[in-house]
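To keep things clear, I will list the structure first and then write my remarks on it.
Any read-out appearing in this document is the output of simple, stated calculations on the displayed coordinates, not a laboratory observation. Only a predicted model underlies this, so the values are computations on that prediction, with no experimental measurement involved. Backbone-built Cβ (ideal geometry, glycine too); neighbour counts: all protein chains shown.
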Amino acid sequence: KNQVEQSPQSLIILEGKNCTLQCNYTVSPFSNLRWYKQDTGRGPVSLTIMTFSENTKSNGRYTATLDADTKQSSLHITASQLSDSASYICVVSSNTGGFKTIFGAGTRLFVKA
Amino acid sequence: DGGITQSPKYLFRKEGQNVTLSCEQNLNHDAMYWYRQDPGQGLRLIYYSQIVNDFQKGDIAEGYSVSREKKESFPLTVTSAQKNPTAFYLCASSPLAGVEETQYFGPGTRLLVL
């Protein structure tokens, strides 16, 4: 069964600290993996996208990694800011000759002053 | 949110009532999508459209209907057959259909049942 599991479910950190969010998936065949940021009550916004051959991608203070062999990805946030408080969603797509995109449930990040 | 608008922001439905959620985009994208988001769950695909006058069912299409008469518009109707409609509904679009395309999301509509 195609699944995307994220951990932790929620995380609280102090402003200025770093954190890492995890994503494990069983989606096959693999096409790409995206990380989205979703502010409360808003639509998700794309942060990064990685294909099979890419193992790291950065977007400012956000760095995503991908290990396609172990089917794991992480999103590292450096020097967190209050505005980083949001849900971070891992999304894995399959190129199985149809439209198959699986969304994780997300990690809820709270950044405290 | 880019050039995608959804209305209304909040919508209340009475028992047995059909309601329609609006989604409009000015990005000139061919593909549009409707998702449902429930607490603690990932987004689930309701319907998608690759081009005008064409649409396909997603994973949870029962109790919903859509139309795509114009490129910029993709309204979703939640019918009385949908027994648990309370959720956050997100519309998205992408330049073309395909899993390699980045989807751009609207701000969402929260539907509540009275």
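Looking across the range B:14-35, just one residue is more than 19 Å from residue B:67 (Cβ to Cβ) and either part of a strand (DSSP E or B) or basic (Lys, Arg) (or both), and that is B:14.
Are any residues in the range B:53-74 within 15 Å of residue B:94 (Cβ to Cβ) and hydrophobic (A, V, I, L, M, F, W, C), and if so, which ones? Scanning the range B:53-74 gives B:55, B:74. Scanning the range B:18-27 for residues that are free of Cβ contacts under 8 Å to residues at least 60 places away in the same chain and more than 11 Å from the chain's Cα centre (by Cα) yields a single hit, B:26. Once the range A:84-113 is narrowed to residues that are out of contact with any Phe, Trp or Tyr (no Cβ under 7 Å at 6 or more places or on another chain) and free of Cβ contacts under 8 Å to residues at least 12 places away in the same chain, the residue that is surrounded by the most Cβ atoms within 10 Å (Cβ to Cβ) is A:101.
Charged (D, E, K, R) and on the phi > 0 side of the Ramachandran plot - does that describe any residue in the range A:71-80? The answer is yes, given that some residue of the range A:71-80 is charged (D, E, K, R) and on the phi > 0 side of the Ramachandran plot. In the range B:8-21, is there at least one residue being within 11 Å of chain A (Cβ to nearest Cβ) and surrounded by 19 or more Cβ atoms within 10 Å (Cβ to Cβ)? Checked against the condition, which is being within 11 Å of chain A (Cβ to nearest Cβ) and surrounded by 19 or more Cβ atoms within 10 Å (Cβ to Cβ), the range B:8-21 yields no hits at all.
Of all residues in the range B:51-74, exactly one satisfies the criterion of being within 11 Å of chain A (Cβ to nearest Cβ) and surrounded by 17 or more Cβ atoms within 10 Å (Cβ to Cβ), namely B:58. For the range A:25-38, a residue qualifies if it is surrounded by 14 or more Cβ atoms within 10 Å (Cβ to Cβ) and either in contact with a helix residue (DSSP H, G or I) (Cβ under 8 Å, 6 or more places away or on another chain) or not small (Gly, Ala, Ser) (or both), and the qualifying residues are A:25, A:27, A:30, A:32, A:33, A:34, A:35, A:36, A:37, A:38. Residue check: residue A:45 meets all listed conditions (1) closer than 27 Å to residue B:9 by Cβ; (2) surrounded by fewer than 18 Cβ atoms within 10 Å (Cβ to Cβ); (3) away from every other protein chain (no Cβ under 11 Å) but one, namely (3). Of the residues making up the range A:55-62, not a single one is within 14 Å of another protein chain (Cβ to nearest Cβ), farther than 22 Å from residue B:108 by Cβ and touching a residue at least 24 places away in the same chain (Cβ under 8 Å). Applying the criterion of at least 1 residues that are touching a residue at least 12 places away in the same chain (Cβ under 8 Å) and of a type in the set (A, V, I, L, M) to the strands (runs of 3 or more DSSP E) found wholly in the range B:37-114 leaves B:44-51, B:64-66, B:76-78, B:87-94, B:109-113.
For the range A:1-41, the tally of residues that are within 19 Å of residue B:44 (Cβ to Cβ) and among the basic types (Lys, Arg) stands at 2. With respect to residue A:111, is the statement that it is in contact with a helix residue (DSSP H, G or I) (Cβ under 6 Å, 6 or more places away or on another chain) and β-branched (Val, Ile, Thr) true? Considered against the rule, which asks whether it is in contact with a helix residue (DSSP H, G or I) (Cβ under 6 Å, 6 or more places away or on another chain) and β-branched (Val, Ile, Thr), residue A:111 comes out as yes.
Taken together, the residues in the range B:88-107 that are within 17 Å of residue A:40 (Cβ to Cβ) and surrounded by fewer than 22 Cβ atoms within 10 Å (Cβ to Cβ) amount to 2. Which residues, taken from the range B:32-50, are exposed (fewer than 14 other Cβ atoms within 10 Å of the Cβ) and not polar (S, T, N, Q)? Selection gives B:38, B:39, B:40.
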